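Student: Would you mind keeping the following structure in view while I ask a few things?
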Amino acid sequence: MVKKPHPHPNPPLEGEGVGAPVASPDTTLSLKGGGELRYSRHLLLNEWGQEAQAKCAAAHAVIVGAGGLGSPAAHFLAAAGVGTITLCDDDDVDLTNIQRQMLYATADIGKRKVEAARDRLRAVNPDIALHVRDARMDEATLCELARAADVVLDCTDNYKTRHAINRACVAARAPLVSGAAIRFYGQVTVFDLRNNDSPCYHCLFGENESLEEARAATLGVLAPLVGIVGTTQAAEALKLLTGIGEPLTGRLLMVDALTMRWETVRVKRSRRCPVCSGREPN
Ligand SMILES: [Zn+2]
């Protein structure tokens, strides 16, 4: 039997409207900048509450890549009150970016991406600490960032950097949220490298030079697809930081936007993986 959809999937809350108070009057959050109102739609979730919000405020997320995936990921983590965000990119904003990279406006063309992104994210949430790295990420820098991070988001578009981020996260045992979007095909998964059962990126995708040549930057991509994937990465990062729900660890979520078919497949840690086999046995 097909389950009927809820007649109103988004029922209005009592008192909802412009300027109407939404937080309970006895809220005693010590959040800066009117946090009880800013984060009220999260605080209203039973699974979230003040404890999860405090975990967000204390957390550090590192986002590598401030393009199509990094834009929505950074936006939602900043808006949700992740206390420290480090955003890494070494490109300028150009006209071809504006079609899908939602942190940037046409007036930003020619600016450094991390600077335009920082301005935009500060306007969204001035209460968080934003750090930027305007450089191509080498292994040493990625290791330093992974050690400092509570979660790392891989929002890059080339396999060489993806593998370097993975090695850094394996070494630091930092949770890694990986996303990719090419043409109409997107995928997201979580490598929770604090967990001995979790695969790493290399367990799924070996280093292959022919793949490296197929840089996503040179291929077309449906604009909303990067929003779908980057936003999903933000959701998984928030779940990892707050401990709510069940992350995509050990599952690869794939979407074909042409047919809008979603599929999830199980992925396992490889015992022969040259990158992560040195961890504790699974
Ligand atoms: Zn591995």
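Student: In this structure, is residue 123 surrounded by fewer than 18 Cβ atoms within 10 Å (Cβ to Cβ), touching a residue at least 60 places away in the same chain (Cβ under 8 Å) and of a type in the set (A, V, I, L, M)?
Tutor: Working: surrounded by fewer than 18 Cβ atoms within 10 Å (Cβ to Cβ): yes; touching a residue at least 60 places away in the same chain (Cβ under 8 Å): no; of a type in the set (A, V, I, L, M): yes.
It is false that residue 123 is surrounded by fewer than 18 Cβ atoms within 10 Å (Cβ to Cβ), touching a residue at least 60 places away in the same chain (Cβ under 8 Å) and of a type in the set (A, V, I, L, M).
Student: Okay, moving on. Determine the pairs where a residue that is closer than 7 Å to residue 63 by Cβ, located within region 74-88, has a partner that is at pLDDT below 95 and in a helix (DSSP H, G or I) with Cβ atoms under 6 Å apart, the partner being 6 or more residues away or on another chain.
Tutor: none
Student: Looking only at region 245-282, filter to residues that are in a strand (DSSP E or B) and within 16 Å of the ligand (Cβ to nearest atom); which one of those is farthest from residue 162 (Cα to Cα)?
Tutor: First pass over region 245-282, keeping only residues in a strand (DSSP E or B): 249, 251-256, 261-266.
Checking which are within 16 Å of the ligand (Cβ to nearest atom) leaves us with 249, 251-252, 266.
Working: 249: 17, 251: 18, 252: 16, 266: 20 Å.
Among those that are in a strand (DSSP E or B) and within 16 Å of the ligand (Cβ to nearest atom), it is 266.
The rows are residues; the columns are (1) closer than 16 Å to residue 248 by Cβ; (2) out of contact with any helix residue (DSSP H, G or I) (no Cβ under 7 Å at 6 or more places or on another chain); (3) within 16 Å of the ligand (Cβ to nearest atom); (4) of a type in the set (Phe, Trp, Tyr).
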{"residue": "115", "(1), (2), (3), (4)": "no, yes, no, no"}
{"residue": "130", "(1), (2), (3), (4)": "no, no, no, no"}
{"residue": "149", "(1), (2), (3), (4)": "no, yes, no, no"}
{"residue": "159", "(1), (2), (3), (4)": "no, no, yes, yes"}
{"residue": "166", "(1), (2), (3), (4)": "yes, no, yes, no"}
{"residue": "178", "(1), (2), (3), (4)": "yes, no, yes, no"}
{"residue": "181", "(1), (2), (3), (4)": "yes, no, no, no"}
{"residue": "193", "(1), (2), (3), (4)": "yes, no, yes, no"}
{"residue": "205", "(1), (2), (3), (4)": "yes, yes, yes, yes"}
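Student: Determine if region 3-22 includes at least one residue that is in a loop (DSSP other than H, G, I, E, B) and modelled with pLDDT of 95 or more. Full working, then the answer.
Tutor: Of all residues in region 3-22, those in a loop (DSSP other than H, G, I, E, B) come to 3-22.
Retained after the next criterion (residues that are modelled with pLDDT of 95 or more): none.
So far as region 3-22 goes, no, none of its residues is in a loop (DSSP other than H, G, I, E, B) and modelled with pLDDT of 95 or more.
The values are calculated or read from the model by the stated rules, or taken from the named source; none is laboratory data. Computed from a prediction, not measured in an experiment: that's the story for all the values here. Neighbour counts run over all protein chains shown; Cβ positions are idealised from the backbone, glycine included.
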